[in-house]
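Q: Following this message is one structure expressed as structure tokens.
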Amino acid sequence: DQESHLAMVPALARGLAAIAPTYYVTGNHEWAVGGVPRLKGILTECGVTVLSNQYVTLERNGDSLVLAGVDDPNGYADQKTPEELYGEIQREAGDLCTILLAHRNDRFDQYAAAGYDLVISGHAHGGQWRIPGILNGLYAPNQGLFPSYAGGQYFFDGTVFLVSRGLARESTRIPRIFNRPEVVVADLVPKSR
């Protein structure tokens, strides 16, 4: 239920925000459980930056990039599209490296066509069932057998796509098989180096 899901959020959010700047985008499960506006408020109060079809410019050692985030398509019907957000970034921030946080791995073609340089995603839980030694999973909910982009690193028309298997140990309906939870670490290096 909604209350039990929200009860665990503050400790986790504060803990993550104490380690490093923390950014959040919604996924389909948050919209299914409900209470997304309340969840976003709790996260913000705990020091997490919620990116709801928005972007921030990040700077370090004279280098800049744009970190954008879109709400899951299960969200509000009138929300800004990833393409509209990319256009806004180009008009307002210029031609910087753009990283998109987007829950849905099955919309990679859309994100690449929009122009994002790097997309970080999840959703497929690594393919839920995996065969050791094979990059993609065997099965993913709502994506069927042999889902594309289930977990790992992919390339398409100049866009790099990182898909995390995520931390959830099991779905309530479908258990993971040979599919360990993971946290993805991406090292970003300027092109000039």
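The values are calculated or read from the model by the stated rules, or taken from the named source; none is laboratory data. Quick caveat, the model's predicted, so the values are computed rather than measured. Cβ sites come from the backbone with ideal geometry, for glycine too, and all protein chains shown count toward neighbours. Heavy atoms of the whole protein, side chains included, go into the accessibility calculation; ligands, DNA and RNA do not. Shrake-Rupley method; radii C 1.70, N 1.55, O 1.52, S 1.80 Å.
Q: Taking the Cα centre of region 45-109 as origin, work out the dipole magnitude from +1 charges on Lys and Arg Cβ and -1 charges on Asp and Glu Cβ, in debye rounded to 20.
A: Roughly 100 debye for region 45-109.
Q: With every protein chain kept in place and ligands, DNA and RNA left out, what is the accessible area per residue of region 1-127? Probe 1.4 Å, answer in Å².
A: Ligands and nucleic acids excluded, the result is 50 Å² per residue.
Q: Size of the dipole of region 1-132 about the Cα centre, Lys and Arg at +1 and Asp and Glu at -1 on the beta carbon, nothing else charged, in debye to 20?
A: Dipole magnitude for region 1-132 comes out near 360 debye.
Q: Starting from the 7 Å offset along Cα-to-Cβ, what nm value, one decimal, do you get for the label separation of ASP187 and ALA11?
A: If labels sit at ASP187 and ALA11, their model points lie 3.4 nm apart.
Q: Evaluate the relative contact order of the chain (contact order divided by residue number), counting alpha-carbon pairs under 8 angstrom at least 6 apart; express in whole percent.
A: Over the chain, the number comes to 14 percent.
Q: Let me ask something else. In whole percent, and with a 1.4 Å probe on the protein chains, what portion of the accessible area of the chain is carbon and sulfur?
A: Exposed carbon and sulfur together represent 55 percent of the surface.
Q: Another one. Calculated from the structure, percent of Cα pairs over 25 Å apart equals which of (i) 56; (ii) 38; (iii) 47?
A: Of the listed options (i) 56; (ii) 38; (iii) 47, (ii) comes from this structure.
Q: Please compute one quarter of the surface area of the Cα convex hull for region 1-75 and express it in square nanometres.
A: Across all orientations, region 1-75 yields a mean hull projection of 5.2 nm².
Q: I would also like to ask the following. Once both labels are modelled 7 Å past Cα along the beta-carbon direction, what's the GLU45-ASP109 spacing in nm?
A: Simple spin-label model gives 4.3 nm for this pair.
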